[in-house]
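Working notes, structure below.
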Amino acid sequence: MDAKTWINNTTNLVEISGECPADLAAAAKQIGYYNGFNRDGISVFDVMAELQENCPEGFIVVCPHFTSLPPEHVRVGQYVVRHGDPEYSFYVVRDVSLAAALLGKRGGSARTSAKQAASRANGKLGGRPKYTYDHKFQAHYGAGIIIVPDQVADDQRKWATDGNKSFPAIRSNGDKTRVCLDPDAYGLFTSGTGDMVVISA
């Protein structure tokens, strides 16, 4: 794929030249192109969240500073936090976690006697916790980014103080791994709380 993008100064739309899958091009155009500099108190993750709000289902906005880019991607903006800082570029890619979830749903629909017995035992303990990833909340994980459940992002202090429970998070390749919050690493219990940081459970 050879997709190139640039800013249309009058409309701020994404312009694409070269070969690009139609669905990816449509997603990029729906998001639009973002060009930002030094918005007071606004982090790179805040900007990514803003772009994600305009992102159609099945796609996600990523930054190569935090995760590797898949072969098919279209640039949808950049942001410089402070003068002299590096430029953070944003790209729209297919949401592999959605594809992984669909595959998992197919596998999970299989019924065996062992699965049924495990399900009954789990039900007696109150059942499996329900996690959703609708808002694509991102957290630092090593040198990359990982998607954490909405339930954790919405109530981080509870998760960090309640025995710092582990939870499933989604890697950039769609694989799930169990992690837990690292509250001291991002000042969760201080007035200067930063972006979420998680570590392997």
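Which strands (runs of 3 or more DSSP E) sit wholly inside segment 1-120 and have at least 3 residues that are within 22 Å of Gly174 (Cβ to Cβ) and at pLDDT below 75? Full working, then the answer.
Numbers: elements: 4-7, 14-17, 34-37, 59-62, 74-80, 88-94.
Those strands (runs of 3 or more DSSP E) do not exist here; none qualify.
Test Gly41 against the stated conditions and say whether it is among the small types (Gly, Ala, Ser) and in contact with a strand residue (DSSP E or B) (Cβ under 7 Å, 6 or more places away or on another chain). Break it down stepwise before answering.
Numbers: among the small types (Gly, Ala, Ser): yes; in contact with a strand residue (DSSP E or B) (Cβ under 7 Å, 6 or more places away or on another chain): no.
When the stated conditions are applied, Gly41 does not pass them.
The values are calculated or read from the model by the stated rules, or taken from the named source; none is laboratory data. In this text, all values refer to a predicted model and were calculated from it rather than measured experimentally. Cβ coordinates were reconstructed from backbone atoms using ideal geometry, including for glycine residues, and neighbour counts include every protein chain displayed.
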